[in-house]
Amino acid sequence: MAEPVRILAVVLHYGDPALAAQVQEQLAGADSGLSGRVRVYDNAAPVSYPGAWRRATDNLYWAGALEDCASLAREEGFTHLWFLNNDIEFVSRPPFMARAAAHLWRLGERLGHDVGVWAPAVLRSPYHPQMVHREGVAFSRVAVADGIAPVYALDCIEAIGGVDAGDNPYGYGVDVWLSLRAHHAGWPVIVDHGVVVRHRHHTTARTLDGFLDTAGRAEDAYMTQRLGPAWRDAVRTMQQNIIHERIQ
């Protein structure tokens with residue numbers, strides 16, 4: 001690694017402020033020395049977040065908020081952005097940020113290349129089986145990663161040409177394409193089984209009338225343009241591209 005790992009953790013708020021507060025409090029409480037690096041980005045939510053780090057003037061959705069947070073993190077001298085949904089809960093032992101930073105450093109040394117995308121494992125996932133926690137596995141190298149709680153190396157995002165949301169700010173598919181671009185460019189994409197989260201899918205999205213349908217149509221157009229009309233089959237094949245490293 002060219003420089004120490006400095007992670008900014010940002011919880012994306014839209015919906016019930018209590019959800020983002022739970023994630024912020026859990027992270028900040030687990031890494032008390034790093035609590036100032038755990039912040040909430042208010043994505044122009046109807047109910048604003050008290051003490052938010054930033055509040056967007058318009059809803060930028062997932063991809064727009066990611067772009068903004070990556071730029072802001074870079075301006076403050078951070079090397080990595082941990083971009084967290086508000087409907088996750090850490091279920092592994094703390095600390096989380098310090099462990100993530102240490103693992104990123106060691107993985108970069110071991111693999112001979114800085115990690116581009118790092119993500120905690122999840123207890124269950126109906127969409128991303130490659131992200132599911134496996135006992136006895138230290139980490140997995142994958143081709144695509146879910147966007148519920150990824151850590152992005154800011155140098156990686158810059159090197160591959162940015163987030164590339166196109167006309168799909170909602171984020172569905174953007175996370176997969178971003179990680180795949182990183183993988184193809186030689187940046188390792190990692191699922192870390194030493195940090196594990198529980199995810200309640202679409203907690204806020206389900207409360208917004210028509211959002212899932214709109215986001216789904218945008219995802220289909222976005223991914224079809226990039227991977228062709230059989231993109232779902234292509235992604236399923238990529239999800240099977242896994243190299244597990246066992247715990248020594």
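The values are calculated or read from the model by the stated rules, or taken from the named source; none is laboratory data. Note that this is a predicted model, so its numbers are computed, not measured. Don't worry about glycine lacking a Cβ; one is built from the backbone with ideal geometry, like all the others, and counts go over all protein chains shown. Ligands, DNA and RNA are excluded from the accessible area calculation, which covers all protein heavy atoms including side chains. Shrake-Rupley method; radii C 1.70, N 1.55, O 1.52, S 1.80 Å.
Karplus couplings for region 32-40 from phi (6.51 cos²θ - 1.76 cosθ + 1.60, θ = phi - 60°), rounded to Hz, Gly and Pro as x?
4, x, 10, 4, x, 9, 10, 9, 10
Let me check against my output: what whole-number percent is the relative contact order of the chain, with C-alpha pairs under 8 Å and at least 6 apart?
Value for the chain: 23 percent.
Among the chymotrypsin sites (Phe, Trp or Tyr not before Pro) in region 126-174, which ones are in a DSSP loop with at most 16 other Cβ atoms within 10 Å of the Cβ? Mind listing them? Intermediate values should be presented prior to the final figure.
On the way: sites: Tyr127, Phe139, Tyr152, Tyr170, Tyr172; in loops: Tyr127, Tyr170, Tyr172.
Those satisfying the criteria are Tyr127.
Excluding Asp31 itself, what net charge comes from residues whose Cβ is under 15 Å from its Cβ, given Lys and Arg +1 and Asp and Glu -1?
On the way: positive: Arg6, Arg37, Arg39, Arg93, Arg99; negative: Glu25.
Residues near Asp31 contribute +4 overall.
Could you tell me which GluC sites (Glu not before Pro) in region 37-127 are loop residues by DSSP with no more than 13 other beta carbons within 10 angstrom of their beta carbon?
Glu76
What residues qualify as long-range amide H neighbours of Val197, i.e. H under 5 Å apart, gap of 5 or more or another chain, H built at 1.01 Å from N?
Answer set, sorted by chain and number: Val91, Ala121, Val122, Leu123.
Please work out the Cα convex hull volume for region 97-209 and give it in Å³ per residue.
Normalising the Cα hull of region 97-209 by residue number yields 106 Å³.
Hey, what D do you get for region 1-104 in µm²/s if you plug the Kirkwood alpha-carbon radius into Stokes-Einstein at 25 °C and 0.890 mPa s?
Details: Rh = 13.9 Å.
It comes out at roughly 176 µm²/s.
Return the sequence-ordered ³J(HN,Hα) values of region 142-147 in whole Hz as given by the Karplus equation 6.51 cos²θ - 1.76 cosθ + 1.60 applied to θ = phi - 60°, using x for Gly and Pro.
Values, residue by residue: 10, 9, 9, 10, 6, x Hz.
Which residues make up the longest stretch of the chain clear of trypsin sites (Lys or Arg not before Pro) that lie in a DSSP loop with no more than 16 other Cβ atoms within 10 Å, not counting the sites? If you can, show how the numbers build up before the last one.
Details: sites that count: Arg6, Arg124, Arg134, Arg200.
My reading of the result: 7-123 is the longest stretch.
Which ³J(HN,Hα) values, rounded to whole Hz and listed in residue order, are derived for region 150-166 from phi using the Karplus coefficients 6.51, -1.76 and 1.60 in 6.51 cos²θ - 1.76 cosθ + 1.60 with θ = phi - 60°, glycine and proline given as x?
Listing the rounded values in order: x, 9, 9, 6, 5, 5, 5, 4, 5, 5, 8, x, x, 5, 6, 7, x Hz.
Sort all Cα-Cα distances of region 1-49 into consecutive 10 angstrom bins from zero, then give the percent of pairs in each bin up to the one containing the longest distance.
P(r) over region 1-49, rounded to whole percents: 28, 43, 22, 6, 0.
Accessible area of Thr57, 1.4 Å probe, to the nearest 10 Å²?
Number for this one is 130 Å².
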